[in-house]
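Each remark here refers to the structure printed beneath this line.
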Amino acid sequence: MPKHRNAILAGTALCLFVGASTPLKAQLSDAINDAILGGGQRQPQVENPQAPPPAEQPPAAAEPPVSEQPPAAAAPDPQQDAQPDPAAKADPEPIAPPAAAEQPAAADADPNYSGGGPAPMPGAGAPVLARLTSGDEPSLGTGIRLSQEEISSGNVGFRQMMEIGRHLFTQSFTSVEGYGEGPTGPREQKRHQMNGNGIGPMAAFAQIPWMRVHGLDAQACLECHNVAGFETPAGGATPGRTVRPDRVSGAGAVTSAAIINPLLELPAPKWVVDAFAERGVTDPGNMYAVFLRNPPHVFGAGYTQKLAEEMSFDLLSQRRAAIDQAVQNRGQWYEIRLNSKGTSFGRYQVRVDQGAPAPGELLQPCGSEPGLTERCDRIEGVSEDFIVRPFQWKGIASNMRNFVRDALNFHFGMVPDELIAQGANPDPDGDGFVHEVSIGEVTALTTFALGARPPSVFTPTDAGEVAEVARGRSIFEGRAGGDPSVACVTCHQSSKTVLNPVVRVHDPRPDQESMRIVARESSGTAPVLTVTENGVGLGQAAPRGLPLPVEQEFLEGGQTAAQERAVAAAATAKESTGRQLPAGAAFAFNLNMNTPFEDRVFLAAQPRLASDATGAIVVPLFSDLKRHKMGRCLADVIHQQTDRAGVFVPRDQFVTRPLWGLADTGPWLHDGRALSIRDAILKHSDNACADNGSGYVSEANAAVAAFQALPEADQNALIAFLHTLRLPRDTGFDAVDQNR
Ligand code: HEC
Ligand code: HEC
């Protein structure tokens, strides 16, 4: 463990007021790229036109504008695509299956998109039409069921994981495999109660398997994550639009909103009841929605998770460094600036009078660690446990696996095995089905959610538009003459760099204590570790005493910062050969797709972002991954619990939403209230609604005022720039299997 605590950080002297160490990028050897998980063939990558040279701190000065768009050399000429085939019209032959070479899929590649993608491999065959699942058969049929033991043996590659994961994402779960709840499920009991004598608020829902409010709201992930934008097909006589192909992993329209109301469970979670009581409502029984949420897209999520984990490593190590120093000078206050990847998270202060946490120990959230006197009120934009949570609008889930696990239970009543503690009731939702989703299947679905290709960037061809977009970007980034301290980029940071490209899907098996969740804190009793009383929320909470997966990894890796860990990981990987999963990982893959696990191309994961010789990747996320106070109009009704018990996100705080892919994801904002991007900008401000007495003030007021003060042409340029942030366009649906 602490053997990796090498000399790198030794030079970072900590004094009374310590600045975070500057990135030690030079320390990264080129080992990471080739060596993590062993060597391997490189896969297609695109240059990232949004990616500035690794300067992460806004405003990014010498930013190359969109004109850096690489020519998508491998993509076919769009003109060819646009020409209707004259032979097709003249030829009266009956319809025959097209020959392999005529498959239109890969010809969709468009050089206007950075997601142009690779051309099909030679020998590509026709798509295989699977038998339709009708609900008469389980969607988790033969060839799809997957155990964690199989994955852990190292025999399952990235491609197969993605195929199974995509199946799980797109297929409809049905009542023959455990969809929904039985009469003793937490929502069914409540439904029954609300149905009353047949004329209650849920009366019309009495006989159906779904509820729509508080989960049981869809049969497939795809039902909600299915919007990837629109386009005008080439060659049409009129510019009518149609949906883009292959929308798997997309965003959701209003019909797909999640209407979350934890009061529709029996018993209602204690923290929800308490939060209402704090607002003076002791009987919130007839609430329709407590949280209304708009489905974000899932593209590029592996990059997002890596960024957040590395940021958590940095913040956790900064806290540790301050404590270590304070232990050596007892009675003396120490302060450290919390900072990672160009985002400042305020300051943390600590004093140790007597006692001290043991070196390898999991620390309790700020303010509750015995033996430490801490000041936590100057920590900004991250929870008091120092974990950067990138997922969900408020920053609730610290990692994808936790989220996917809970989504299965919440949306479908498909209870993953890993929600069931050993010895607990194996059928907590009371529907008569056990083992509804295996650990391996959650691993596959998580891998799919993390492995999707990143969003793309549209580059206009018209010179006037190119100039307008460049102007818009410079306004966005505060480089156009206005006050840079109120630019959009102060929150929506243009890019951040992933140092270690290996994505881990964490292993939840019983020896991995960290993945056990607390169930529901039912009124008056201490948290329990079984799910027999478990709620169904999105973001089930781990108990305070157990580490989250990212903390487990932090503790196991010698409690070092991201930079040092990346170097150590590269060194360790050099020693290993072949397909070997890192310890504690249920699966792992390399974002640069260059290890033996990714030896087969999976087109829905292509193309990737470019990486440098160390394997590091500049990710054009347009977010600081920090929470901000967004004012009285956007504030929620009550606070929301994160994936750690007792750690809450205040009503008015939201994570800066990453803007990559933005243009194809409307409606916008956390509840979909904005029907245009302009509207989304204006609704950052407290001026968007009447004073409701909440006292909340938006941190974005000045940015919106600056936007409104711009000449109309500049406002339009800013929006034109945002319109270039697109979801990836289909580059050849992967049913074409070139190398199985
Ligand atoms: C009823 C619609 C619906 C269904 C079905 C659904 N989602 Fe979502 N998804 C949402 C909403 C709404 C959010 C935002 C939740 C929040 O912010 O709290 C979301 C968020 C996410 C996120 C986090 C994205 C981010 O950047 O914050 C991921 C990942 C995700 N969903 C994956 C899935 C998977 C996997 C499934 C299937 C198991 C699924 N979703 C099923 C609506 C849905
Ligand atoms: C104080 C930080 C902050 C500033 C400054 C800021 N934003 Fe945001 N932005 C956010 C947060 C947080 C959200 C999510 C808010 C929500 O959904 O309630 C968001 C959401 C958005 C969205 C909607 C994203 C989506 O997927 O629905 C757009 C568009 C956007 N911002 C653009 C801008 C532009 C343009 C500017 C500059 C004029 C700007 N923002 C300034 C923090 C900020």
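Read-outs throughout are calculated quantities, based only on the coordinates presented, and are distinct from any laboratory measurement. Keep in mind that this is a model prediction, so the values were computed, not measured. Backbone-built Cβ (ideal geometry, glycine too); neighbour counts: all protein chains shown.
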How are the alpha carbon pair distances in the stretch 318-428 distributed across 5 Å bins from zero to the largest one, expressed in percent?
2, 10, 17, 16, 13, 11, 10, 10, 7, 3, 1
For each pair in Lys306/Lys626; Lys394/Lys683; Lys270/Lys683; Lys270/Lys306; Lys270/Lys626, compute the distance between the two Cα atoms and list the pairs where it is over 22 Å.
Lys270/Lys683; Lys270/Lys306; Lys270/Lys626
Karplus-derived HN-Hα couplings along the stretch 244-257 (A = 6.51, B = -1.76, C = 1.60, θ = phi - 60°), whole Hz, x at Gly and Pro
6, x, 6, 9, 4, 5, x, 8, x, 8, 4, 4, 9, 4
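With an 8 Å Cα cut-off and a minimum separation of 6 or more residues, compute the relative contact order for the stretch 539-696 in percent. Spell out each step's value before the answer.
Working: 148 pairs, mean separation 35.0, N = 158.
Answer for the stretch 539-696 is 22 percent.
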Stokes-Einstein at 37 °C, 0.692 mPa s, Kirkwood radius from Cα pairs: D for the stretch 670-728 in µm² s⁻¹?
255 µm²/s
Three-way shape label, the stretch 320-365, alpha-carbon gyration tensor, a/c 1.5:
oblate
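In whole angstrom, how long is each semi-axis of the equivalent ellipsoid of the stretch 169-256, when you take the square root of 5 times every eigenvalue of its Cα gyration tensor and sort them from largest down?
Details: eigenvalues 281, 45, 17 Å².
Equivalent ellipsoid of the stretch 169-256: 38, 15, 9 Å, largest first.
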Unit-weight point scatterers at every alpha-carbon of the stretch 577-728, Debye formula, q = 0.10, 0.15, 0.18, 0.20 1/Å: log10 I(q)/I(0) is -0.55, -0.97, -1.15, -1.27
In the stretch 330-391, the GluC sites (Glu not before Pro) that fall in loop regions by DSSP, at most 13 other Cβ within 10 Å
Glu361
Specify the inter-centroid distance of the stretch 136-174 and the stretch 208-245, based on alpha-carbon positions, in whole Å.
24 Å
The stretch 371-476 -> Rg/Rh from Cα coords, Kirkwood Rh, value 1.20
